[in-house]
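Every read-out reported here was derived from the displayed coordinates using simple, explicitly stated rules and does not represent laboratory data. Because the structure is a prediction, the values reported are computed rather than measured. Note that we place each Cβ from the backbone using ideal geometry, even for glycine, and neighbour counts take in every protein chain shown.
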Amino acid sequence: MTGEVDPSRRGFLKTVIGLSAVAAVGGLGKGVVQNLITPSVGLTNFPETLLYWNDPSTPNSPPVPLKASQFEVESPSVWIFYYPLSDEPNFIIRFSDGVPPSSVTIDATGANYSFTGGVGPNNSIVSYSAICQHLGCIPPIIHYYPPSQISQLPVNVTAAITANKITHGVIHCNCHGSTYDPFKGAGIVTHPTQRPLPFVTLKYDSLTDTLYAKKLTGPVVFGHPSDLTGGHAIPNLSKTTVTKLAS
Ligand code: FES
């Protein structure tokens, strides 16, 4: 059963207030502080949540279940959905190739965990937390750069992309330059982040061509005491809407 909880978070809030002050002094932007000041509520477990969207072919109609095979490949737009909390945005990206499982390293600890790879048509669809694991910047400051946009990135990032033989684009945060490889579990490409982006486990229903979010795995989402706490549950736990933020 899924239910809301209200755990004691005094120590966490002291950390949040301290980090918020640092962010404010450093001029890091509204997005950082928004994600640090989180309410003391949450969920007891991960819901299984169907992804909806406003079908681009019928833009004035209500949201309908997203059809995985219709989702744009390596889209230059920023596509996100909130799950499982209303202050936890997540990217969804469809690649031109299948995404294999991989091992991901947390530089902060040296620990590794397993990324389960893509799902959907040709195992090409992945999803990651869209909150930067350095200091919490959110989209569109952090977003996916497909191969067609790599030339927009700083020289040190393009050099790292070349050195790591990355051919499917990167997730890059313009706050301080952290870069993640979404084809390999959102592992770290450039610092200052010391932690990869957590990934969302997706389930694909091939009969209906639809996708479900099932849980988050990896480092705890930045600014949250756990992936399930530090915010309010999304309004309807059975569905969440995938939204295009910007081109
Ligand atoms: S918040 Fe610092 S690089 Fe993203």
Amide H contacts under 5 Å for D87, placed H, 5+ residues apart
H232
Which log10 I(q)/I(0) values, to two decimals, does the stretch 133-247 give at q = 0.22 Å⁻¹ under the Debye formula with one point per Cα?
-1.34
HN-Hα couplings for the stretch 188-201 via Karplus (6.51, -1.76, 1.60; θ = phi - 60°), in whole Hz with x for Gly/Pro, come out as 6, 9, 9, 7, x, 4, 10, 9, x, 7, x, 9, 9, 6
Need one number: the % of Cα-Cα pairs in the stretch 97-161 sitting beyond the 17 Å mark.
63
Once phi is turned into θ = phi - 60°, what whole-Hz ³J(HN,Hα) does the Karplus curve with 6.51, -1.76 and 1.60 give for every residue of the stretch 71-77, x standing for Gly and Pro?
6, 5, 7, 6, 5, x, 7
Between the residues I166, V78, N90, the Cα farthest towards the positive end of the dipole of the stretch 48-177, that dipole coming from +1 and -1 charges on the beta-carbon of Lys, Arg, Asp and Glu, is from I166
Take the cross-link list K165/K203; K184/K239; K184/K215; K67/K215; K214/K239; K67/K165 and give me the ones stretching past 22 Å between alpha-carbons.
K165/K203; K184/K239; K67/K165
Once amide hydrogens are built 1.01 Å from N within the peptide plane, the residues lying 5 or more places from G118 or on another chain with amide H under 5 Å from its amide H are V99
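Arranged by the count of other C-beta atoms within 10 angstrom, fewest first, what order do L197, L216 take? Mind showing how you got there, number by number?
Numbers: L197 32, L216 25.
By the 10 Å Cβ count, ascending: L216, L197.
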Rounded to whole Hz and in sequence order, give me ³J(HN,Hα) for the stretch 134-148 from the Karplus expression 6.51 cos²θ - 1.76 cosθ + 1.60, θ = phi - 60°, writing x for Gly and Pro.
7, 9, x, 5, 10, x, x, 4, 9, 7, 7, 10, x, x, 5
Which of the aspartates and glutamates could a cross-linker span from K244 if the Cα-Cα distance has to be under 19 Å and same-chain partners fewer than 8 positions apart are dropped?
D55, E72, E74, D87, E88
Where the centre of each part is set by its Cα atoms, how far does the stretch 76-153 sit from the stretch 169-229, in angstrom?
4
